[in-house]
Structure formats: C-alpha cells, structure tokens
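See structure below.
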C-alpha cells in the first residue's frame, strides 16, 4: 500500500499483510490499548519510507484509554537490526479500541518527546493509529511528525 | 489563549540546545585543549591525564551560561600538601595565561576567563586539581582530594574534600529524561537569581526519578519532580548523597531557611502555573536568540545526523 503526505511531499509504503498482522496483535489485546515500534528504511533520496516490520516492546502497560510502552534494554536490538539489515526505528504504533484513528494530545506529546530525544536520529518519526474492535481491525491512519505537529498521510 | 505547557517546554529546551552555539563551543574546546596540553607538558609525570567534567560532559549544559571543567588528577607524591598543589596550579596558569586572561582562585577550582575575542565571545574554563589519596591509588578507584579554598556549606572549616568526579559523571549517564528536567531547572535557577547549586538540582532530580514513578510528558515529569522537591526538602531526614563521596550530603549546603525557600519557590511556581498556564513563560523563558529557527526543511524525511543511523526510542512513552 502506498500513502502520501502532501505537507512534506513524502511517500510511505507498507504491505497490507503487515498492517493486518499488526491489527491481529491489537485485537488480541482488546479492550485495552496496545502498541509498539515500527521499523524500516528510507529511500536514498529520503522521499519514501518503507515500513518492513513491527516490534513489540519488552514491557508495556495498556488500559482502555492509555498505553505506556518501555524501550529499556532494546538498544542492542535496534543496533543489530541496523547492522544486519540496514533497517532502523522509524516510528510507533498503537491501537484505539472502539475508537477513532484520530491522535490525542497525549500521542502528540509522546511524539514530541521521541523526536527530541538524543538517541533518536530521525526528525520525522511516523505514528500509526489502528482502530480495533473485539473482532477486527476497523481502520488505520498513518501520521508523520513534523515540527510539533502530526499530519496524516492519505 | 492558554499555553500548551508541554509544547512550550519543548521549545524552551530546543532554544537552549548547545548545538545552536556550535562555533562558540568549538572555541571553548580549542582553549580547553590548549590548557590541557600546557598542564600535561608542565607537570609531566606528576599528574594523570586531565579529563573533562561538568555540565558539558554530563550533557546538562544550556547555551545561555556554560563553562568547561577540566579535572587534573595529581599523583600523591607530587605535592606535600593540597594547598601547595592548588597554589602551584594557580601560579602556573597565571604565568601561562595571565596576559590574556583573568585567572582566579575559586572554591575547588581555578577559573580562567579569557579576554573577549574579535567576535565578542568570552571563553571561561574551570580547572580542578585533585590529588589521589595515596600513591597509585587513583588508577584503582578514581578517588581524589580537592583543596577547598573558600566556603562549601558545612565544609567551610575544612581545607579539603574527598570526591570521585568520575562517579559523579557516571551517576547521570544514559538518563535522558532526568537531563531534560535538570536543564529546565537550571534555566529556571539561572533566570531567578541562581540561588541553588546546579549539582544540588541535578542530584535531587535523579533522586526524584529513582524514588517516584515519574512519567508522562515533559510538563508532567517536571511537575512531578517539582512536587517531589516541594514535599521533601524541608524534611530534616531528607538527604542528597554525593555519588562521589557517601559522606557528603548536598542538603547540608542548604540552611534551614534555604530548604524552606526552595520548597516554597517550587510550591508557588506550581500554583501559579496551575492557575494560569501562561505563567510558565516567566519561570522557564525561551532563549530568544534561537526562537525563530525553523529546524526542518520543507520536504523529504529528515535525519539529524546527515545520514540514516539507528535510533533507540526513549523509554516510558505514554500514548492515549
């Protein structure tokens, strides 16, 4: 699947199978929110992002309206991923059980913190929000973070 | 319109980033290396390799006020007494750099403030000589005795203080969340009379994170740390142990009035920000020199390092 963000004039490419897989994990955790990391790579001209996989956090806590994920102890994992496949952390995903795919102010604040962290080398991490029910994935929206804003892909 | 506290604090930190003053930082580093080379050449085998410390090394520096600290570990047998060591360093640095700089004795360091250069920049360095406790012991445990040339809280009557600066540096390693709060508290402190030691604010922030479950966005973390300070510093049993020497309690550098003052200042700030979010701007100002910078180009995915590299996302992020 190919998504486009007009604001930064960038593309995002991800397979439908991968979105479905993420959705299955999200449905398994219904009615609580759940999420994790997205990994992939940019094209040489940095105009296209290929999301190739998702990663579950080693520790997390989800409730109906909130999800906290840890990343402690995962530096080694991300280093190995880069060394072996030249792929890296590109963003975050989480579910909104029985909710919309609209991001919340909490989501925006988290993305601001993520982008400003010295350990994060990218300026435009993406956020995937999946609307899930107890049975299935309803909808999914990708957002690009840019200068304290989250802007949807179409 | 109400201020978005989280967003505003991000801007405060952004405008205080050291990367905005890279040219100036390079001048500091160049002078620091010059001084290090002079010390190494002069003292030779009397000292171990000088190393960097202070806020720069700890990644808690802010661009409105900073200096570079250099610690010089001195071998035990090089000087009979600590005051002779301190005087020797002062005399040498005065002879070597005194023509173009003001060299002065400070609490545990010798300050060198170089004359303004053609760009109007003033470079200042703090040189901290410290003698190992016994011959060759420094290599094993990094402990040093520092000469104290003026008041240092309850140590005003003593003439030396034992510490382990490497342990102090290690204490804040890989603590990104704590560093952000420390920078914000330093920005407040510098803007508000600089009554409190940066090291005290550093230790109290780390202790708050160690003791409490500090989480949420940047504002929420700052709010929780400020509440922790307000609630605890007036407690007589509250201690802030120096990671460089377990016998040093940084709380002893505050008088009883100082503790009450710190607690009430935190309380007032929290109340005023709660009653009107715009009040946060008075306590935590942005650095207006760098406010207008647009950090992103208009197209393409941005990377901070010039090329894609692996990232480790920060710990403990909350989504809703």
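Bear in mind that the values in this text are calculations on the coordinates, not laboratory data. Note that the coordinates shown come from a computational prediction; the quantities given were computed from them, not determined experimentally. Positions of Cβ are backbone-derived with ideal geometry, glycine not excepted, and every protein chain shown enters the neighbour counts.
What to note about this one:
- Between residue B:159 and residue B:26, the modelled labels are 4.6 nm apart [label points 7 Å from Cα along Cα→Cβ].
- Secondary structure note: in chain B, about 75% of the DSSP beta bridges are antiparallel.
- Viscosity 1.002 mPa s, temperature 20 °C, Stokes-Einstein D of chain B from Kirkwood C-alpha radius, µm²/s: 99
- Max mean-square fluctuation residue, GNM over chain B, Cα-Cα springs under 10 Å, options B:309, B:38, B:174: B:309
- Neighbouring partner chain Cβ atoms per residue of A:121-128, average, 10 Å criterion: 5
- Stretching the chain fully between residue B:106 and residue B:212 yields a gain of 34.6 nm (0.36 nm per residue, less the alpha carbon separation).
- Between segment B:8-43 and segment A:1-76, the Cα center-to-center distance that results, in Å: 38
- Cα-based radius of gyration of segment B:98-253 once divided by 2.2 N^0.38 Å, which approximates compact folds: 1.19
- Length available on full extension from residue B:136 to residue B:220: 0.36 nm per residue minus the Cα-Cα distance, which gives 25.5 nm.
- Beta bridges per DSSP with both ends in chain A, % antiparallel, nearest 5: 75
- Ratio Rg/Rh, restricted to segment B:19-171 and using Cα atoms, in which Rh is the Kirkwood radius: 0.96
- Between segment B:243-289 and segment B:179-238, the Cα center-to-center distance that results, in Å: 7
- Peptide B:3-11, shielding by other chains (average Cβ, 10 Å cutoff): 3
- Coarse-grained scattering of the protein assembly as shown at q = 0.10, 0.13 Å⁻¹, given as base-10 log I(q)/I(0) from a Debye sum over alpha-carbon atoms: -0.85, -1.23
- Each of residue A:48 and residue B:40 was given a label point 7 Å from its Cα along the Cα-to-Cβ line. The distance between the two points is 5.0 nm.
- Taking every DSSP helix (H) stretch of at least 4 residues in chain B, weighting each as -39,500 (n - 2.57) and dividing the sum by the residue count yields a mean residue ellipticity at 222 nm of -13000 deg cm²/dmol.
- Average other protein chain Cβ within 10 Å of Cβ, residues A:68-75: 5
- Calculated log₁₀ intensity ratio I(q)/I(0) where the Debye formula runs over C-alpha points of segment A:22-74, q = 0.21, 0.23, 0.28 Å⁻¹: -0.81, -0.88, -1.06
- Chain A - mean residue ellipticity at 222 nm from DSSP helices (-39,500 (n - 2.57) per run, n ≥ 4, rounded to 500): -7500 deg cm²/dmol
- Gaussian network model of chain B, Cα within-10 Å springs - most flexible of B:204, B:182, B:113: B:113
- Inter-probe distance in nm under a simple model that places probes 7 Å from Cα toward Cβ, at residue B:80 and residue A:61: 6.2
- Cα gyration tensor category, rounded, prolate or oblate, for segment A:2-152 with a/c compared to 1.5: rounded
- In range of the label at residue B:174: residues from segment A:46-84 whose backbone nitrogen is under 15 Å from the point 7 Å along Cα→Cβ: A:71-80
- Stretching the chain fully between residue B:237 and residue B:49 yields a gain of 63.8 nm (0.36 nm per residue, less the alpha carbon separation).
- Rounded to the nearest 5, the antiparallel percentage of DSSP beta bridges internal to the protein assembly as shown is 75%.
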